[in-house]
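Single-structure report; data block below.
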Number of protein chains: 2
Amino acid sequence: MRIPILKLRDCLLISIQWELDDQTALQFQEDLLHKIHQTSARGVVIDITSIDFIDSFIAKVLGDVINMSKLMGAKVVITGIQPAVAITLIELGIRLEDVVTALDLENGLDKLEQELGD
Amino acid sequence: MRIPILKLRDCLLISIQWELDDQTALQFQEDLLHKIHQTSARGVVIDITSIDFIDSFIAKVLGDVINMSKLMGAKVVITGIQPAVAITLIELGIRLEDVVTALDLENGLDKLEQELGD
């Protein structure tokens, strides 16, 4: 199972709409980095509204993929972090430093376009 | 396996990035109609760039979901129809009447916004 990555202008949009298993999360990490390279995307919005539980492995993969994307020159916006997910991330010490967050996909995309407009 | 449906303002975006099996196609049909109802979406963009083969069942489901969406008041734009898919659709007599098509997701979204702007 793979997570579809949509290209919209110079951004990539991802909506994760089910709980991720470890294999899917790693596949997603690989796919996203490959897609950033392939499309020269400048920004990425990852919407996790539908995820209301996150384990330590998935949290680590998510943190990693954000840092990897930044290394490749793409800004990342995470949208729709649920209360329980926020609690888990902080309790696990995953800081998501310098990551822009937003309430939902459209806010995330607006914020990203603002950031990229600078 | 379900196909994620992204909500962006008053449109829904779907990118189908693998061959659909029958069960997934029917699940997608149900999910999309439900999501249109739930979000009061006025437009739908379905990107099928990654599909380079389509069988008669999937073609029928696709034709049906377009007509059903229209009944529910949502305009549908199909983007990224590959040559082989276009050939199959016409040969199967699936006309996709009044459906707007476009080359890729961003063109599709632009066309949809134009249509909805009227």
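Under 6 Å between Cβ atoms, which residue pairs at least 6 apart in sequence (or on different chains) link something in the range B:73-89 that is under 14 Å from B:CYS11 (Cα atoms) with a partner that is part of a helix (DSSP H, G or I) and among the charged types (D, E, K, R)?
Pairs found: B:LYS75/B:GLU115; B:VAL77/B:LYS111.
Inspect the range B:53-72 for any residue being among the β-branched types (Val, Ile, Thr), under 23 Å from B:LEU6 (Cβ atoms) and over 11 Å from the mean Cα position of the chain (by Cα) and give the result as yes or no. Lay out the reasoning, then the answer.
The initial filter retains those residues of the range B:53-72 that are among the β-branched types (Val, Ile, Thr), namely B:54, B:58, B:61, B:65-66.
Checking the rest, the ones that are also under 23 Å from B:LEU6 (Cβ atoms) come to B:54, B:58, B:61, B:65-66.
Of the ones still in play, those that are also over 11 Å from the mean Cα position of the chain (by Cα) are B:54, B:58.
Taking every residue of the range B:53-72 in turn, at least one turns out to be among the β-branched types (Val, Ile, Thr), under 23 Å from B:LEU6 (Cβ atoms) and over 11 Å from the mean Cα position of the chain (by Cα).
Suppose we keep only residues that are over 11 Å from A:LEU96 (Cβ atoms) and small (Gly, Ala, Ser) within the range A:52-76. Which one would you say is surrounded by the most Cβ atoms within 10 Å (Cβ to Cβ)?
Filtering first and then ranking leaves A:ALA74.
Could you list, in sequence order, the residues of the range A:83-101 that are over 21 Å from A:GLN29 (Cα atoms) and not β-branched (Val, Ile, Thr)?
Residues satisfying the conditions are A:PRO83, A:ALA84, A:GLU91.
For B:GLY80, only one of the following conditions fails: (1) on the phi > 0 side of the Ramachandran plot; (2) over 12 Å from the mean Cα position of the chain (by Cα). What is its number?
Of the numbered conditions (1) on the phi > 0 side of the Ramachandran plot; (2) over 12 Å from the mean Cα position of the chain (by Cα), the odd one out for B:GLY80 is (2).
What are the residues in the range B:69-87 that are out of contact with any Leu (no Cβ under 8 Å at 6 or more places or on another chain) and either assigned to a strand (DSSP E or B) or of a type in the set (Lys, Arg) (or both), if any? Talk me through it step by step, then tell me what you get.
Of the range B:69-87, the ones out of contact with any Leu (no Cβ under 8 Å at 6 or more places or on another chain) are B:70-71, B:73, B:76, B:82-87.
Across the range B:69-87, the qualifying residues are B:LYS70, B:VAL76.
Take the conditions within 14 Å of another protein chain (Cβ to nearest Cβ) and not in a strand (DSSP E or B) and apply them to B:LEU62. Does it pass?
no
With the requirement that a residue be among the β-branched types (Val, Ile, Thr) and either modelled with pLDDT under 95 or in a loop (DSSP other than H, G, I, E, B) (or both), what does the range B:15-38 give you? I'd like the intermediate steps shown before the answer.
Residues of the range B:15-38 that are among the β-branched types (Val, Ile, Thr), as a first pass: B:16, B:24, B:36.
Answer for the range B:15-38, where residues must be among the β-branched types (Val, Ile, Thr) and either modelled with pLDDT under 95 or in a loop (DSSP other than H, G, I, E, B) (or both): B:ILE16, B:THR24.
Condition check ((1) within 23 Å of A:VAL85 (Cβ to Cβ); (2) facing another protein chain (nearest Cβ under 10 Å)) across all residues:
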| residue | (1), (2) |
| --- | --- |
| A:ILE5 | yes, yes |
| A:LEU8 | no, yes |
| A:ILE14 | yes, yes |
| A:ASP22 | yes, no |
| A:PHE28 | yes, no |
| A:LYS35 | no, no |
| A:VAL44 | yes, no |
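Quick one: which residue in B:THR88, B:THR79, B:THR49 is touching a Gly at 6+ places or on another chain (Cβ under 9 Å) and surrounded by fewer than 20 Cβ atoms within 10 Å (Cβ to Cβ)?
B:THR49
The values are calculated or read from the model by the stated rules, or taken from the named source; none is laboratory data. Just so we're clear, the structure is a prediction, and the values are computed from it rather than from any experiment. Every residue, glycine among them, receives a Cβ derived from its backbone with ideal geometry; neighbour counts consider all protein chains shown.
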